[in-house]
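Comments concern the structure below.
The values are calculated or read from the model by the stated rules, or taken from the named source; none is laboratory data. Since the model is a prediction, treat every value here as computed from it, not as a measurement. When we count neighbours, we look across all protein chains shown, and the Cβ atoms used for this are built from the backbone with ideal geometry, even at glycine.
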Amino acid sequence: MFRTIRTWKILLFLFSLGVLGAMMGASLLAYERAPSPTPVMRGFYLAQEMGCFACHGPGGVVGVSNEGALWGETPPFRAGGSIMSFVQSDTEIREWIMYGLPKRLWLDGKKPGKNHHRSTSSGKSAQWGIDQGVGGIIKMPAFEGVFTGSQMDDLVAFVKAVTDSQRPMSADAELGRKVASKLGCFGCHGVAGRGGMSNPGSFKGYIPPWDGDDYAVLVENDEELKEWILKGRIERFEKNPLAAYFTNGQIIQMPAFESVLQDGEMEALIDYIHWLRKDGEQSLDFWIEKEAGPLPTVVARGKWLFHRSGCAACHGPGGIGGVPNKNASGGFVPSLNDMAERLELFEPEDTSQVVAVFERGLSLDDQHLGEVVPEFENVQEQYKNIRDFIITGGYPGKSSKGDGEPTMLMPAWKYRLYADGSPTSRADIDAIIAYLLTLQTFEDEDE
């Protein structure tokens with residue numbers, strides 16, 4: 001907002017010249033007031049324009065009822081929701097938008113055609129799983145050829161922001177994100193601080209996001225940022241009559257948080273904004289905070305999947321075991337409340353660290369996690385074995401006293417976890433493992 005006093009003086013001089021000067025001044029003012037939208041903002045407006053919110057709900061965060069679909073709805077993009085079962089990567093976000101279905105669900109690996117939602121003469125779906133509930137009655141349209149490359153980038157940026165898939169690894173910056181959420185900052189500055197809301201009467205016409213160019217017009221340094229947070233205004237604008245005209249005349253006024261901020265929260269907010277303005281890059285060099293994120297957490301989802309899928313029927317409630325399995329080694333279906341030990345995690349803090357990895361949406365396949373997970377190679381090897389066993393199933397060992405095969409076998413959950421029979425996502429396997437890790441009781445905890 002008037003980046004320099006010189007701009008303000010030029011405007012006053014032009015207006016003093018009369019009609020012609022006023023016209024030139026108005027043009028300069030209009031130029032200065034033109035907003036600089038971010039990719040997330042452009043993605044939001046594009047999604048709104050293309051009707052995406054008709055199915056995914058207002059702002060893409062609600063979802064709508066969809067008969068026959070997984071969980072009975074077209075999934076919202078909201079973080080922690082059912083979207084995590086449909087999208088496994090940034091690439092799949094693009095594939096859903098372009099083709100109406102990601103490549104991993106294409107029938108025989110073939111790109112869906114225009115009529116891919118129709119059934120074949122044999123009664124089978126022309127596209128894998130589409131009639132079994134992947135899309136329900138309301139189908140995902142294919143937008144291939146509709147968007148330019150930059151528009152697609154904007155849409156992906158918006159979806160990623162709403163799903164909260166980019167979060168800081170720094171404990172201080174992550175605390176700042178939580179403080180911003182608690183204080184309601186995202187209500188005005190947009191999801192995760194990445195998309196502003198309209199604000200009639202303001203200089204730019206909207207409340208700018210923290211990661212955009214317009215933020216730099218309002219905040220020149222950390223001292224001004226502190227002024228905004230504490231006082232709701234800054235001295236530089238108070239001394240500028242034209243700037244004060246807009247800040248005093250805008251409908252939504254910046255609140256003053258001086259009386260509600262607790263120790264360390266100001267610094268944490270600044271750390272989070274700095275992280276956003278560095279393109280929100282994640283870094284594994286920082287300590288991973290162990291505290292669970294906002295509900296529903298990955299652990300909560302893992303618990304829901306464990307019970308919804310009937311795992312407790314064989315492994316017992318809370319994974320305690322005790323279910324007889326005739327002719328199997330040991331005579332019972334094994335308990336799962338020793339998952340931490342199976343992953344060779346023998347300390348509570350190490351187990352919490354791995355759970356935190358899953359809460360961040362990271363996979364133990366990532367070699368860089370060796371920097372934050374103790375004895376990572378052993379943990380990673382056991383993790384892969386357990387994950388593969390869940391996906392492919394297996395046979396329990398036979399009892400030496402048994403006369404036949406074990407009554408119950410471990411089913412392959414690759415196509416059984418979801419009602420529509422679609423392939424199980426890595427994120428949900430990790431969620432189940434994360435939940436099982438929390439069932440481990442350590443000796444120190446019993447004392």
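Restricting to segment 236-252, and then to whatever is part of a loop (DSSP other than H, G, I, E, B) and exposed (fewer than 13 other Cβ atoms within 10 Å of the Cβ), can you tell me which residue is modelled with the highest pLDDT? So, considering only residues that are part of a loop (DSSP other than H, G, I, E, B) and exposed (fewer than 13 other Cβ atoms within 10 Å of the Cβ), the one modelled with the highest pLDDT is Ile251.
Scan segment 410-447 residue by residue and report those that are in a helix (DSSP H, G or I) and at pLDDT 75 or above. Reasoning before the result, please.
Keep residues of segment 410-447 that are in a helix (DSSP H, G or I), which gives 426-437, 443-446.
Scanning segment 410-447 gives Arg426, Ala427, Asp428, Ile429, Asp430, Ala431, Ile432, Ile433, Ala434, Tyr435, Leu436, Leu437.
Does Asp366 satisfy the criteria of being in the same structural domain as Ala427 (by TED's automatic domain parsing), under 17 Å from Ile429 (Cβ atoms) and surrounded by fewer than 18 Cβ atoms within 10 Å (Cβ to Cβ)? Criteria met by Asp366.
For segment 149-171, the candidate set comprises residues that are charged (D, E, K, R) and assigned to a helix (DSSP H, G or I); within that set, the residue that is modelled with the lowest pLDDT is Lys160.
Here are some residues: Gly196, Gly176, Gly190, Gly205. Which one is within 20 Å of Val40 (Cβ to Cβ), in contact (Cβ under 8 Å) with a residue 12 or more places away in the chain and in contact with a strand residue (DSSP E or B) (Cβ under 6 Å, 6 or more places away or on another chain)?
Details: Gly176 fails: in contact with a strand residue (DSSP E or B) (Cβ under 6 Å, 6 or more places away or on another chain); Gly190 fails: in contact with a strand residue (DSSP E or B) (Cβ under 6 Å, 6 or more places away or on another chain); Gly205 fails: in contact with a strand residue (DSSP E or B) (Cβ under 6 Å, 6 or more places away or on another chain).
On inspection, the qualifying residue turns out to be Gly196.
Considering only residues in segment 305-332 that are in a helix (DSSP H, G or I) and of a type in the set (A, V, I, L, M, F, W, C), the one that is surrounded by the fewest Cβ atoms within 10 Å (Cβ to Cβ) turns out to be Ala313.
Going through segment 376-409 one residue at a time, which ones are among the aliphatic types (A, V, I, L, M) and modelled with pLDDT of 85 or more?
The first filter runs over segment 376-409 and keeps only residues among the aliphatic types (A, V, I, L, M), leaving 379, 386, 390-391, 408-409.
Once the filter is applied, which keeps residues that are among the aliphatic types (A, V, I, L, M) and modelled with pLDDT of 85 or more, segment 376-409 yields Val379, Ile386, Ile390, Ile391.
Taken as a whole, the structure leaves Tyr415 outside the set of residues that are hydroxyl-bearing (Ser, Thr, Tyr) and closer than 17 Å to Glu344 by Cα. Reported count of residues in segment 333-363, each being crowded, with 16+ Cβ neighbours inside 10 Å and among the aromatic types (Phe, Trp, Tyr), is 1.
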